[in-house]
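Each remark here refers to the structure printed beneath this line.
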Amino acid sequence: METSATHLAHETCMLKPMLYIPADRKDLTTLLGGERDLGVCSIAVCLEDAVRAENRDVAAMSLCRILRELEHVPRPVFIRPADAGALDRLLEHLPVDRIAGFILPKATVGSIHDWTERSYGLHTILPILETREILDPMSRRDLALACAAYPSVIPGVRIGANDLFRLLGGLRRPPDRTIYETPVGHVIDGLLETFCAHGIRLCAPVSDRINDLATLLREVEEDIQRGLFGKTSVHPKQVQAIWAAYRPASDEVAEARSILDPNAPAVFGSNGAMLETACHDEWARRILRREELYSLGNNRAKSGAGNAVGM
């Protein structure tokens with residue numbers, strides 16, 4: 001059974017953008033310690049694809065030392081080990097009270113069960129969907145069921161966009177196109193159907209076209225229409241653009257409050273649309289939750305408190 005604090009932490013890690021950082025960056029101490037303005041985000045420290053294989057052990061031990069020595073870690077930090085053996089070594093040396101959880105790359109049904117058992121069910125695990133299995137509808141279902149078996153540990157899953165492009169014939173995201181204007185968009189919609197059917201939330205995929213913020217914002221709008229948040233980012237300017245776009249519009253907030261009003265009729269009109277309290281109540285709750293979290297995140301950022309693990 002999830003506690004309210006755990007549920008809040010899970011909701012926030014599935015909402016905020018997640019900024020990926022290679023574990024061998026020379027300024028890692030500055031980034032993790034909150035000395036740079038990265039915007040409202042969680043941080044993923046990557047010890048897998050972003051670090052050369054021969055450098056991973058040294059980078060991992062350096063990361064453990066940095067986390068032990070930092071006085072304050074203001075943002076939720078997730079660690080992405082390369083494999084199960086690397087996870088075991090991190091569990092031996094990491095100050096696990098300083099991190100929010102682990103990211104499971106190239107998730108399979110077997111690795112989902114294995115990583116959960118290796119971490120004794122005590123740590124949040126975020127699987128990444130980026131293997132050939134997710135191109136097959138039956139395998140998608142098996143992955144969703146594996147994640148659904150650990151609701152207190154797996155709050156949702158992430159979509160590995162670049163690996164999906166590679167799997168679909170060695171493609172790369174084209175310039176000026178959202179991911180939904182590529183073959184990967186069809187795969188994401190299939191994942192959304194399968195995982196939502198089992199109550200598993202998905203996070204929006206990365207855009208690696210760092211300087212094209214206009215296309216990024218078009219893509220974020222498509223993400224939101226699908227209920228996908230927690231978008232992966234690779235640069236702080238992407239974080240700031242994504243977080244600003246996540247704020248619900250004032251008319252959405254007003255409609256959400258009207259829907260959840262206990263005295264609201266079953267069906268009523270608003271802004272030229274029909275609202276049904278029985279059908280739109282979950283949408284309304286999520287809009288108000290987004291508004292609450294957005295305000296909380298901005299207030300903490302302005303006060304200099306950063307983004308503690310609760311937010």
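Within the chain, the longest run free of exposed loop sites, counting GluC sites (Glu not before Pro) that sit outside DSSP helix and strand states (H, G, I, E, B) and have at most 14 other Cβ atoms within 10 Å, spans 72-311. About its Cα centre, the dipole of segment 163-311 is roughly 660 debye, where the only charges are +1 on Lys and Arg Cβ and -1 on Asp and Glu Cβ.
Quick check for me: using +1 on Lys/Arg Cβ and -1 on Asp/Glu Cβ, what's the dipole size of segment 248-303 about its Cα centre, in debye to the nearest 20?
Details: 7 positive and 9 negative charges, 78 e Å.
Computed charge dipole of segment 248-303: roughly 380 debye.
Other residues lying with their Cβ under 12 Å from the Cβ of A273 contribute a combined charge of -4, Lys and Arg counting +1, Asp and Glu -1.
The angle between the Cα long axis of helix 250-260 and the main principal axis of the chain comes to about 70°, on a 0 to 90 degree scale.
How would segment 248-303 be classified by its alpha-carbon gyration tensor: rounded, prolate or oblate, with rounded meaning a/c under 1.5 and the a/b versus b/c comparison settling the rest?
prolate
Cβ crowding within 10 Å ranks S139, S250 as S250, S139, fewest other Cβ atoms first. Of the residues M61, M138, the one with the fewest other Cβ atoms within 10 Å heads the list, and the complete ranking is M138, M61. Counting neighbouring beta carbons within 10 Å and listing from fewest to most, the residues K106, K26, K16 come out as K26, K106, K16. Summing Lys and Arg as +1 and Asp and Glu as -1 over all other residues whose Cβ lies under 13 Å from the Cβ of E193 gives a net charge of +2.
Think of the chain as a dipole: +1 on every Lys or Arg Cβ, -1 on every Asp or Glu Cβ, centred on the Cα centre; then among S270, P236, Q225, P236 lies furthest on the positive end. With the convex hull drawn over the C-alpha atoms of the chain, the volume per residue is 143 Å³. Each Lys and Arg adds +1 at its Cβ and each Asp and Glu adds -1 at its Cβ; summed about the Cα centre, the chain shows a dipole of about 620 debye.
Between the listed residues A256, P22, T116, the Cα displaced farthest toward the positive end of the dipole of the chain, a dipole computed from Cβ unit charges relative to the Cα centre, is found at P22. Annotation for segment 231-264 versus segment 100-146: alpha-carbon center distance of 28 Å. The angle between the Cα long axis of helix 236-245 and the longest principal axis of the Cα atoms of the chain comes to about 20 degrees, rounded to the nearest 10.
Values in this text are rule-based calculations from the coordinates and carry no lab data. This is a predicted model, so every value here is computed, not measured. Note: ideal-geometry Cβ built from the backbone for every residue, glycine included; neighbour counts use all protein chains shown.
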